[in-house]
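Comments concern the structure below.
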Amino acid sequence: MAQQLYICGKLGGMKKPVLRVTKWLGDIPVEAECRSCPGKTRFRVTPTSHRPSREEYAQQLQQAFDEHYKSVHASEAQPAAEAPS
């Protein structure tokens, strides 16, 4: 119970960091943001050819989000994982 209270107290007002697509080109994601940093952090794809690929663009957005998560949110999640039981 103590661990649950610690986690809730730490993350109570924050949304879980998740990649949220904010702009689509048909069924292809072209822009996204971090759900817990809305408006602050945007990720845009860099076209590599004149023909967009859904898989390639989704992978670019996920990779950019993963880098953002490691640099911004990984340190926030660390104390919750180390909380005493």
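Looking only at region 19-39, residues that are among the acidic types (Asp, Glu) and under 13 Å from GLN62 (Cα atoms) come to 2 in all.
When region 23-37 is examined, which residues are found to be out of contact with any strand residue (DSSP E or B) (no Cβ under 8 Å at 6 or more places or on another chain) and not polar (S, T, N, Q)? I'd like the intermediate steps shown before the answer.
From region 23-37, those out of contact with any strand residue (DSSP E or B) (no Cβ under 8 Å at 6 or more places or on another chain) are 25-28, 36-37; that's our starting set.
LEU25, GLY26, ASP27, ILE28, CYS37 - these are the residues of region 23-37 that are out of contact with any strand residue (DSSP E or B) (no Cβ under 8 Å at 6 or more places or on another chain) and not polar (S, T, N, Q).
Every number here is computed from the coordinates shown, using simple stated rules; none is lab data. Treat the numbers as computed from the prediction; the structure is a model and nothing was measured. Glycine also receives a Cβ, built like all others from the backbone with ideal geometry; neighbour counts cover every protein chain displayed.
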